[in-house]
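**Student:** Sharing a structure below in structure tokens format, with a few things to ask.
The values are calculated or read from the model by the stated rules, or taken from the named source; none is laboratory data. Keep in mind it's a predicted model, so treat the numbers as computed, not measured. All Cβ positions, even for glycine, are placed from backbone atoms using ideal geometry, and neighbour counts span all protein chains on display.
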Amino acid sequence: MSAIDISQCSRCRKPAILYQEYSGQHYCSSCLIRSVRKRIGKELRKQLILPKGENKESTTIMVAVSGGKDSAVLLETLHHFLKNRKDVKLIAGCVNEGIEGYRKPSMECAEKLANNLGIEFKSLSYKSLGFDDMDNVVKVMPKISKKNEEVKGMSPCSFCGVFRRKGINKLASEMNADYVAFGHNLDDMAQTVLMNLQKGDLERTIRLAPHTWAPIKGMAPRIVPIRWIPEQEVQAYAMTLDLPFHDDECPHSHQALRILHRDIVAKMEDAVPGTRHGLVHSSDSIKEMFAKNNNQQLSDLSNKSANNCEKCGEITSQEICKACIMKKWLVDHS
């Protein structure tokens, strides 16, 4: 029987646990942790602008957590970099969508990690926002689609994403958050860019986080510090540090359009390593080029389509926000 060939770390020659296809580098667990933290730290310094001076006020960052690996790594790394800052407060915020067998164990993981790190944990449910649990929404969607043409072809994620954003905004408002941090990894960001480009939706591309250089009036800027870390490296980091996270997929996510784009991006990355980085860089370039050609600041472009919903007052690009429209669909059905 031949011995198993284990690759050596490109940095220290210890046994490697991960191969970085796009760079050709092998990483052991220790070097991977240092590499991931270095990249996140660099991005965090770009995205998080803290007040300076003797009279600087405390900055509150709401970390949107779900119990998954991405938000676990986000919370742990933000704590790593900011735990000694007296002028920064981290709060973990979680939205309970009401999905049986999925949300409870994931929320338990999120709260456990927050407690381990000494970070305050807060949550709210869809029902507290006036919506129904997602399990019930999924059951009535076919009936709602009979009365509303727009609902035909929608996946449960279309409703859930809108309701979750509403919950995040509510939590951020209750916490008086100066920033909201999301755990979107490189794969997530690349998929979103491709989805926006496929739809020809430049406005969504311009509004894509991070919002540090393009804040939307009336909304705490969104930051995405782990946006350059591929999903595989996020998972390896979380497992190496034994972070508590729930790894099951949402039972309603199989219908999501994002699944198609996830597969496309994965195939493109396999064929041409570095594709994900290129897609996200293209998004940043579109923002910069659009602002330059129109002789505008990115903040002006972001606020061009930002209005206040006539029903609830939330920021929206329409007269009535999508959350209120969907809520009316549910109410009319009942």
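**Student:** If I ask for residues that are under 19 Å from Ile40 (Cα atoms) and polar (S, T, N, Q), which ones from the range 64-123 would you list?
**Tutor:** Of everything in the range 64-123, those that are under 19 Å from Ile40 (Cα atoms) and polar (S, T, N, Q) turn out to be Ser71, Thr77, Asn84.
**Student:** Taking the stated definitions as given, is Lys38 part of a strand (DSSP E or B), among the charged types (D, E, K, R) and without any contact (Cβ under 8 Å) to a residue 40 or more places away in the chain?
**Tutor:** On the way: part of a strand (DSSP E or B): no; among the charged types (D, E, K, R): yes; without any contact (Cβ under 8 Å) to a residue 40 or more places away in the chain: yes.
Taking the combined requirement at face value, the residue does not satisfy it.
**Student:** Still on this structure, please answer the following. Please specify each residue of the range 198-238 satisfying the condition of being part of a helix (DSSP H, G or I) and without any contact (Cβ under 8 Å) to a residue 24 or more places away in the chain.
**Tutor:** Initially, the range 198-238 is screened for residues part of a helix (DSSP H, G or I), giving 198-199, 202-207, 231-238.
Passing the criteria: Lys199, Arg204.
**Student:** Collect the residues in the range 66-100 that are surrounded by fewer than 24 Cβ atoms within 10 Å (Cβ to Cβ), of a type in the set (A, V, I, L, M) and in a helix (DSSP H, G or I), keeping them in residue-number order.
**Tutor:** Correct list: Leu82 only.
**Student:** Does Thr192 count as hydroxyl-bearing (Ser, Thr, Tyr) and in contact with a Pro (Cβ under 9 Å, 6 or more places away or on another chain)? Give the derivation first.
**Tutor:** On the way: hydroxyl-bearing (Ser, Thr, Tyr): yes; in contact with a Pro (Cβ under 9 Å, 6 or more places away or on another chain): no.
Criteria not met by Thr192.
**Student:** Which number in (1) within 29 Å of Asn293 (Cα to Cα); (2) free of Cβ contacts under 8 Å to residues at least 12 places away in the same chain marks the one condition that Asp242 misses?
**Tutor:** That leaves (1) as the condition not met.
**Student:** Further, regarding this structure: Out of contact with any strand residue (DSSP E or B) (no Cβ under 9 Å at 6 or more places or on another chain) and closer than 27 Å to Val88 by Cβ: is that true of Arg207 in this structure? Spell out the reasoning first.
**Tutor:** Details: out of contact with any strand residue (DSSP E or B) (no Cβ under 9 Å at 6 or more places or on another chain): yes; closer than 27 Å to Val88 by Cβ: yes.
Yes, satisfied.
**Student:** Moving to a separate point now. Condition (residue is modelled with pLDDT of 95 or more and closer than 27 Å to His281 by Cα) applied to the range 203-219: is it met by at least one residue? Give the steps one after another, and end with the answer.
**Tutor:** Narrowing the range 203-219 to residues modelled with pLDDT of 95 or more: none.
The answer is no, given that none of the residues of the range 203-219 is modelled with pLDDT of 95 or more and closer than 27 Å to His281 by Cα.
**Student:** Does Ser23 satisfy the criteria of being of a type in the set (S, T, N, Q) and at pLDDT below 95?
**Tutor:** no
**Student:** To continue, here is another question. Being crowded, with 17+ Cβ neighbours inside 10 Å and either in contact (Cβ under 8 Å) with a residue 60 or more places away in the chain or among the hydrophobic types (A, V, I, L, M, F, W, C) (or both) is the filter here, so list the residues in the range 101-116 that pass it. Can you show your working first?
**Tutor:** Going residue by residue through the range 101-116, those that are crowded, with 17+ Cβ neighbours inside 10 Å are 102-103, 106-107, 109-111, 113-114.
Once the filter is applied, which keeps residues that are crowded, with 17+ Cβ neighbours inside 10 Å and either in contact (Cβ under 8 Å) with a residue 60 or more places away in the chain or among the hydrophobic types (A, V, I, L, M, F, W, C) (or both), the range 101-116 yields Tyr102, Ser106, Met107, Cys109, Ala110, Leu113, Ala114.
**Student:** Pull up the range 294-334, narrow it to residues that are part of a helix (DSSP H, G or I) and modelled with pLDDT under 75, then point me to the one that is surrounded by the most Cβ atoms within 10 Å (Cβ to Cβ).
**Tutor:** Restricting attention to the range 294-334, the residues satisfying the condition of being part of a helix (DSSP H, G or I) are 298-304, 322-333.
Checking the rest, the ones that are also modelled with pLDDT under 75 come to 298-304.
On the way: Leu298: 19, Ser299: 15, Asp300: 12, Leu301: 18, Ser302: 22, Asn303: 18, Lys304: 13.
Filtering first and then ranking leaves Ser302.
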